[in-house]
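J.: Quick one: structure below, then a few questions.
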Amino acid sequence: MSADEIPTMQWLYNRIFLLAVASLVFFFLVYVGWGLLDIMSVPAR
């Protein structure tokens with residue numbers, strides 16, 4: 001295996017800041033989605 005054939009996940013793990021940003025974006029989207037779901041589940045008067 002040459003240096004050009006690095007597996008995708010290893011390439012991602014080697015870039016720790018990219019992985020950190022991806023995790024922050026993921027958790028932000030989950031938090032916002034959960035909040036919207038919670039707001040939408042409140043019954044209307």
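J.: Under the rule of -39500 (n - 2.57) per DSSP H run of 4 or more residues, summed and divided by the residues of the chain, what mean residue ellipticity at 222 nm is obtained, to the nearest 500 deg cm²/dmol?
T.: Details: 2 runs with 32 residues, N = 45.
Rounded to the nearest 500, it is -23500 deg cm²/dmol.
J.: When the expected Rg is taken as 2.2 N^0.38 Å, what fraction or multiple of it is the alpha-carbon Rg of the chain?
T.: On the way: Rg = 18.3 Å, N = 45, 2.2 N^0.38 = 9.3 Å.
Scaled against compact globular proteins, the figure is 1.96.
J.: Measure nothing but the geometry: give the 0 to 90° angle between the long axis through the Cα atoms of 16-40 and the longest principal axis through the Cα atoms of the chain, rounded to 10°.
T.: Taking the Cα atoms of the chain, the angle to 16-40 is about 20 degrees.
J.: So how do Arg45, Arg15 line up by other beta-carbon neighbours within 10 Å, fewest first?
T.: On the way: Arg45 3, Arg15 11.
Going from sparsest to densest Cβ surroundings: Arg45, Arg15.
All of the numbers you see were taken from the coordinates with simple rules; none came from a lab. Keep in mind that what you see is a predicted model, and the values were worked out from it rather than measured. Positions of Cβ are generated from backbone atoms using ideal geometry, with glycine treated the same way; all protein chains shown enter the neighbour counts.
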